[in-house]
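Here, each number is a calculation from the coordinates, and none is a lab measurement. Keep in mind that what you see is a predicted model, and the values were worked out from it rather than measured. In this analysis, Cβ positions are derived from the backbone assuming ideal geometry, glycine residues included, and neighbour counts consider all displayed protein chains.
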Amino acid sequence: MIFRSAKAAPRAVEAGVGANTPGGGGAAGGVPRHVAIIMDGNGRWAKGKGLPRAAGHKQGAEAARKVLRAAGEAGVECLTLYAFSSENWRRSAEEVGDLMGLLRFYLRSEIEALHKEGVRLRIIGDYKAFAPDIVKLIEQGLQRTAGNRRMTLAIALNYGGQAELVRAAQRLASRAAAGEIGPGDIDEAAIAAELDTAGLPPLDLLIRTSGEYRLSNFLLWQVAYAELLFVDTLWPDFGADELRAALAAYGARERRFGGR
Ligand code: FPP
């Protein structure tokens, strides 16, 4: 059981190509439609308890489950989690192996629960670089949950914001070279439609845990008009209460999208 009760009925997920451009986000006092989280601090959490880093990641994955449930209950339409960046391959083989093990475990054990709760899985990032069995589990999960509309869980896997923009530019260049589009057709909506996040609601709120103040190559295009929230809590200690506090902080902000 992922959700207890939905306090606000989530709206249908948009398929519009301009969905990453500003204007559609939550107004002051509202619930953000799209929340993204840089889940940082697993290693420090483990170190503080004298545990191996893998224990921090395991607890971090549990935190992700709790936060997904709380986000669904609050009426958030889309939750995007930074689970593995394109730079994370630089960690030790042991740590990468632990993260892959967790990924396998959760893909095997959670897809059916997500499906039952009406959650659609999306992956952003170049997930095809993972081991073939993980790619297969991901694709089965995408297929199984594709028709769900209650909420979207987007997991960033082998994701980097610059690489995402490069892939989008390459696709547009191919279409231009084929004579399908001209330079003037490349506008904000055309770029947004080629990003991995195409069709997701505009990003309203980006949270980073563990007291670090960086974007770390996450959602560089999509963050344009998002509210940013940096909290000191280490990710494994971030749960439903912390998510609700973050949503309340968002609700108290005034968003102007460059206007007055
Ligand atoms: C940062 O903590 C977190 C990550 C590297 C990724 C987040 C991973 C999870 C929440 C576990 C679930 C992941 C998968 C792939 C199923 P850190 O190790 O950078 O912490 P530190 O800065 O304290 O060392």
| said: Among the numbered criteria (1) out of contact with any helix residue (DSSP H, G or I) (no Cβ under 6 Å at 6 or more places or on another chain); (2) of a type outside the set (S, T, Y); (3) surrounded by fewer than 19 Cβ atoms within 10 Å (Cβ to Cβ); (4) free of Cβ contacts under 8 Å to residues at least 40 places away in the same chain, which one does E62 miss? | reply: (4)
| Considering only the range 223-253, how many residues are among the aromatic types (F, W, Y) and buried (at least 20 other Cβ atoms within 10 Å of the Cβ)? | 3
